[in-house]
Every structure is written in structure tokens, then in C-alpha cells.
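The values are calculated or read from the model by the stated rules, or taken from the named source; none is laboratory data. Remember, it's a predicted structure, so these values are computed and weren't measured experimentally. Here Cβ is always computed from backbone atoms with ideal geometry, including for glycine, and neighbour counts include all displayed protein chains.
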Amino acid sequence: MPSLRDVTIVNLFYENSTRTRISFELAEKRLSADTINFTASGSSVSKGETLLDTVNNILSMKVDMVVMRHSASGAPHFLSQHIPAAIVNAGDGVNEHPTQGLLDAFSIREKVGKLAGTKVAIIGDITHSRVAMSNMYLLKKMGAEVTLCGPPTLIPKYAREAFGVNVSYNLEETLNWCDVANVLHIQLERQNQVLFSSLREYNLSYGISRKLLEGLKKDVVIMHPGPINRGVELDSDVADSGQSIILQQVENGVAVRMAVLYLLSNKNN
């Protein structure tokens, strides 16, 4: 589908990424866009070049769109105020991951049939998760009921009032309540203090096992944005089970990102 032929897109990744980066690259190639891949390591960033200088230099080469992942919350918004190209946020700090939220919502609708009234549990490290933030905003807007579940140290104290969601610290009760469980990666790389005693303790209290699922009163759809810490958030026989739609999420990610790129390219006008 040559919908973005003659459109040049730069993938500007200041953080490591596997699924998101490959997903965007595939989306761009399937739309016939010209793609440039930029990685902060090995670039002039290591010599002290600022974000704005880096992007302006790239734009001077006639780039139309920028897909950006950055460790600083708000970096894509900052860029959008200073450069004319369309900016796609591929994850900024602990703020948001909009295309992940879109593909998660699409995957839920595809599996369950609707979003309005669907009970979705977001389980795990809510405090450090940009995926959780985007999911909360989008699912609430579409009429879903949302419950956050995890250790008290990993859920913001203001979550209930700020986002209009439920909060639970009991995994089994939450799984019995929900239709869909979106299980999050434990963000050890973002935690600057000890928030639980060990990964084993976390798994015992909040890890989802086959035995736990078999004890529920209904089947729950299992999701995960990746990467999975097997044996921590999910046991392997859950991640690879028929209740899991994790690989469907990955597949849907390419289609959703194709749609985002097409809509932002102005080619549909």
C-alpha cells in the first residue's frame, strides 16, 4: 500500500526498544514511506548535542514526520512546539505511550466485542508505567470500567481521585471482577528505591499463574504490553495460553500505527 510514498519519517529513539520500534518500522515500510533510523548511542548526542539541535539537523534533510521515544516526560510535546514536522509519541518517560493505548483498546474491542461497560484491570507497576496512563485515559473515555491493582507502593495515592478509576490491592478479587487483565512489566529500571522486597515476593502476591486462573469463576482475557518478565508478572503457561492475546496485541500494533501515520501525514486530505 504506497499511501505514504515520498513521505520521509525518522524514528528518533533515545531509549532502547524492540516491539515498538520494529512495529513502527514495519508500519512505515508497509505504507511505502522512506524511513531513517536514529539511535542516541553512537550519535552526536553523546558529544553533548541538544535534542532540539539534533532534530533541527534531521529536519534540514527534509523529514516530514518524527516518531520519538525519550526518557524525559513531555519531550515530544516540547518538540511539537518548536518544529513544523508531525510528532508521534512512541513513549515519553513515565508520562504516556499513546499508540500502545490505542492498540490495547483495539485488541480488547476485537476480543470482547465492545469497550463500553467492559471491566478492565491494569495490574502491576502503575506508578512507573506510561502504558497504564494511556490505557486509563482512553478506556475511561470509551466507557470501560477500570481498576488498578498492585502493591500499594506501585500505585499512586491520587489515582482514584485523579483518574476516576477503582484501586485494589487484592489480585484474586480483581481477577474475579474483571473481563480483561492488562498485566504490566515491572519497571525495575525506573525505580530509584526499593518498592518491594523481591521479585519472588511480588510473584507470590501479584503474579498470575495457571492455578490462580483455574480457580476463578470465569475466563479472563490476559494482555501484556511487553517485555514479559516470565515467572514474575505472568507464568509461562499463562502467557502462552488460549486466554492470552499478547501476540494479537503485537500484530494489531502494526495496523494501529499504520493508521496513526497515515492520519498524521495529511495524505488523507
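Details
- Failed condition for LEU261, given (1) surrounded by fewer than 18 Cβ atoms within 10 Å (Cβ to Cβ); (2) at pLDDT 95 or above; (3) under 26 Å from SER71 (Cβ atoms): (1)
- Flag if THR147 is in a strand (DSSP E or B), buried (at least 17 other Cβ atoms within 10 Å of the Cβ) and not small (Gly, Ala, Ser): yes
- Exclusive hit being part of a strand (DSSP E or B) and outside the structural domain of LEU184 (by TED's automatic domain parsing), set ILE36, ILE22, ILE58: ILE36
- Among the residues of segment 221-236, those that are outside any loop (DSSP other than H, G, I, E, B) and over 23 Å from LYS114 (Cβ atoms) comprise ARG230, LEU234, SER236.
- Selection count where residues are among the aliphatic types (A, V, I, L, M), over 9 Å from the mean Cα position of the chain (by Cα) and not in a helix (DSSP H, G or I), scope segment 74-109: 6
- Residue within segment 132-143 that is on the phi < 0 side of the Ramachandran plot and free of Cβ contacts under 8 Å to residues at least 12 places away in the same chain present: yes
- Condition met for LYS218 (basic (Lys, Arg), assigned to a loop (DSSP other than H, G, I, E, B), at pLDDT below 95 and within 30 Å of ALA27 (Cα to Cα)): no
- Condition met for GLU189 (of a type in the set (Asp, Glu) and either modelled with pLDDT of 95 or more or over 21 Å from GLY93 (Cα atoms) (or both)): no
- Residue that is nearest to VAL167 (Cα to Cα) [pool: residues in segment 112-139 that are more than 13 Å from the chain's Cα centre (by Cα) and surrounded by fewer than 16 Cβ atoms within 10 Å (Cβ to Cβ)]: GLY117
- Within segment 95-110, tally of residues that are surrounded by fewer than 17 Cβ atoms within 10 Å (Cβ to Cβ) and either farther than 16 Å from CYS178 by Cβ or touching a strand residue (DSSP E or B) at 6+ places or on another chain (Cβ under 9 Å) (or both): 1
- Of all residues in segment 39-53, those that are surrounded by 15 or more Cβ atoms within 10 Å (Cβ to Cβ) and modelled with pLDDT of 80 or more total 1.
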